[in-house]
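The values are calculated or read from the model by the stated rules, or taken from the named source; none is laboratory data. None of these values were measured; they are calculated from a predicted model. Note that we place each Cβ from the backbone using ideal geometry, even for glycine, and neighbour counts take in every protein chain shown. Surface accessibility is based on the protein's heavy atoms, side chains included, excluding ligands, DNA and RNA. Shrake-Rupley method; radii C 1.70, N 1.55, O 1.52, S 1.80 Å.
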Amino acid sequence: MSTTETFVSARDFLLKHREDYDTAYKGFPAPRFEYFNWALDYFDVMAKGNSAPALWVVDEGGTEEKLSFAELSERSNRVANFLRAQGVKRGDRILIMLANIVPLWEIMLAAIKLGAVISPASTLLNPEDLIDRIERGEMRHVIAGPAETARFVTVPGSYSRIVVGGGADSWADGWIGFEAAYQVSAEFAADGPTPADDLLLLYFTSGTTAKPKMVAHSHQSYPVGHLSTMYWLGLKTGDVHLNISSPGWAKHAWSNFFAPWNAGTTVFVYNYARFNAKAMLDTVVRCGVTTLCAPPTVWRMLIQEDLASYPVKIRELIGAGEPLNPEVIDQVRKAWGVTIRDGFGQTETTAQIGNTPGQPLKPGSMGRPLPGYQVALLDPDEQPAVEGQICLNLAPRPVGLMLGYHGDEGKTSEYMVGGHYHTGDVAVRDEDGYYTYVGRADDVFKASDYRISPFELESVLIEHPAVAEAAVIPSPDPMRLAVPKACVTLRAGYSPSRELALSILRHSREHLAPFKRIRRLEFAELPKTISGKIRRVELRHIENKRRKEGVRGETEFWEEDFPELKQS
């Protein structure tokens, strides 16, 4: 079979067995190529004469754009020729700093066709972030929106500059207008076959404790590897798939690019200046969204609306980014009769573990290993365990696993040891092979010699009607080594008070074993990375400093403050 036929055959196998987990997992023929260019060998072939909608972008102001697969194929050819004329060559690195606008998808397809390296960047990055990315990533080209160009004034380098949305003419300061791309030829010829292991994507991780690591992916690891993500999402040809994610992060490539187009699904985007749950739900209903993937923060805002009053056409609901609390899943199921399916993966991989369509779900579990991945739980001595670090067997090496941490062989070797890739996340496996997330290895802590999983305690806290979000950290204690402390963000309509703190602590005592109870509580906004993940490391740093100084936060309460609570 040709490269295209081999890829499509593997894709079709998963689509055929989308609700037959055992067959899909055991029989999946993970394609491995010597040469492969997803945009040329798959997308263009699939798109030829295909008038089905590939991309549908709706703006909160009412404007919208809808392009077919055939139109995107042609447009990306024009963009590829335009970029080539600007000096973009095979292997050149392009920093792309764009919002969810149509040219983003055209440029990504064009870059793949050229064999260039894509480095997605959030529009929230500051000049210091950009200097780091330009230098360490050795970027030769930058593509940005008009609002972002000013941030590059203080970013040194000889990189070319292309602005999207500024008109066809050249801008001042060396910026070239992207719109000229639509005037060039639609006939594109590649420089030659693309080695499947060539560098394609260079992601910078969130970097909560140090400089972001550079995660390198190939023309095989993400385009082909995301067949597992397609399977987890439960996509079908003809679906309208909404994934709420910002460009610049791996999940955007997961579920706004590779996975849906692997399935021939419409990528649906809703753009807004500020998230509004009601407006989002109205749009989901009006546009007939059939599959929806959103991070926990969004789900926690959505359930504050009367979900049952929205006649959605949704068949599949997915949570991603961080584990979803059971309370959120229950509320959505009661309203829509659809269960949010959780899963697990990283920037370094595609979806590894997930609850797949049509399979029994267990409360709190993130599911079973996905096709293409052999998962093991290992203890600190690298021995198999029921609870341990989530690791991937490297024999054979998963197609969806990164090439490594670019420019850091030492860090790569640290994670690839003993025949396994180590994720840094801890889970527990039950007798049926279902995995339940425990937490980051660095976040799990001991209190009175008991191991505490922050996620378990946070899941209980969020069941309290006043709590919107919660992060549990260890608070140093001279007697117990540490005690669980909850940092809590309240829902709209609630304000910090002694009475509310007492209510939440009582809730904790009613639903947690004595050694897991929340002993200290603080009302606070939770610090997050720009990708939206809670920075528990920052909360721990603040807490350690306070305990050394013997001070408390302004809205902090300890259980000792409440005589009405029986001590334990």
Pair Arg491, Tyr35: separation of 7 Å Cα→Cβ label points (nm): 5.9 nm
Full-extension gain in nm, Glu549 to Thr4, via 0.36 nm per residue minus C-alpha separation: 189.8 nm
Förster-model FRET efficiency, 60 Å R0, Leu361 and Asp173, C-beta, rounded to 0.05: 0.65
Gain on full stretching of the segment that runs from Asp306 to Ser413 - 0.36 nm per residue minus C-alpha separation: 33.6 nm
Alpha carbon centroid spacing (whole Å) that separates segment 131-148 from segment 459-476: 38 Å
Surface accessible to a 1.4 Å probe, Thr123 within the full protein complex, Å²: 40 Å²
Helix 3-16 vs. the chain, principal-axis angle (Cα, 0 to 90°, nearest 10): 40 degrees
C-alpha long axis of helix 536-549 to longest principal axis of the chain, angle in °: 40 degrees
Share, in percent, of DSSP beta bridges within the chain that are antiparallel, nearest 5: 60 percent
Option label - Kirkwood radius over Cα pairs in Å computed here, alternatives [x] 24.9; [y] 28.0; [z] 29.1: [x]
Percent accessible area from carbon and sulfur atoms, segment 252-350, protein chains only, probe 1.4 Å: 48 percent
Accessible-area ranking of Tyr373, Tyr415, largest first, probe 1.4 Å: Tyr415, Tyr373
Estimated FRET transfer efficiency (Asp191, Asp59; beta-carbon r; R0 35 Å; 0.05): 0.45
FRET efficiency, 1/(1 + (r/R0)^6) with R0 45 Å, evaluated for Glu560 and Arg315 via beta carbons: 0.35
Over the chain: helical MRE at 222 nm, DSSP H runs n ≥ 4 each giving -39500 (n - 2.57), nearest 500: -7500 deg cm²/dmol
Accessible surface of segment 123-202, 1.4 Å probe, proportion on carbon and sulfur as whole %: 51 percent
Cβ-placed point charges (K, R +1; D, E -1), dipole of the chain about Cα centre in debye, nearest 20: 380 debye
Pairwise label distance in nanometres, Lys48 with Leu512, each label 7 Å out on the Cα-Cβ vector: 6.0 nm
Spin-label pair Ala385/Thr154, simplified geometry with 7 Å Cα→Cβ offset, distance in nm: 4.5 nm
